[in-house]
1. Spot the failing condition for PRO63; the list is (1) open to solvent by 70 Å² or more (accessible area, probe 1.4 Å); (2) over 19 Å from GLY17 (Cβ atoms); (3) modelled with pLDDT of 85 or more; (4) not small (Gly, Ala, Ser), and only one is missed.
2. Which residue pairs have Cβ atoms under 6 Å apart, sit 6 or more places apart or on different chains, and have a first residue in the stretch 90-101 that is over 27 Å from LYS18 (Cβ atoms) and a second that is of a type outside the set (A, V, I, L, M, F, W, C) and open to solvent by 100 Å² or more (accessible area, probe 1.4 Å)?
3. Given the residues SER19, SER57, SER50, which is the only one that is of a type in the set (Gly, Ala, Ser) and either modelled with pLDDT of 95 or more or in contact with a Lys or Arg (Cβ under 8 Å, 6 or more places away or on another chain) (or both)?
Amino acid sequence: VKPMTPRCTVPKAVPVGKSASLHCHENEGYPKSTYSWYRNSEHLSPDSKSNAKFHNSSYTVNPATGTLVFHAVHKGDTGRYSCIATNDAGFAKCEEQEMEV
């Protein structure tokens, strides 16, 4: 069963240096969906350290739960975030949401 449009929760504004949690979830897909996050339409690697473009960010993505956690946000983390739920039957994307730092 193809995933439904996931419900994404993105904080509107986060003070510099604070942590932030972004959530993405949908229940309809079978088999269970895995989740990937995008900032300004660019895929966020599951580990910020593995991608030179994001080496200033400190975040972790849990593809199984759809949670994106920033340990300490900085100005460069400002942007439009969206999430895609994927399984064998297809994928669905939530609306982009702005997070300001």
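1. Status for PRO63: all satisfied but (1).
2. GLY90/LYS2
3. Working: SER57 fails: either modelled with pLDDT of 95 or more or in contact with a Lys or Arg (Cβ under 8 Å, 6 or more places away or on another chain) (or both); SER50 fails: either modelled with pLDDT of 95 or more or in contact with a Lys or Arg (Cβ under 8 Å, 6 or more places away or on another chain) (or both).
Only one candidate qualifies: SER19.
The values are calculated or read from the model by the stated rules, or taken from the named source; none is laboratory data. These numbers come from a predicted model, not from an experiment. Don't worry about glycine lacking a Cβ; one is built from the backbone with ideal geometry, like all the others, and counts go over all protein chains shown. With ligands, DNA and RNA removed, areas are computed over all heavy atoms of the protein, side chains included. Shrake-Rupley method; radii C 1.70, N 1.55, O 1.52, S 1.80 Å.
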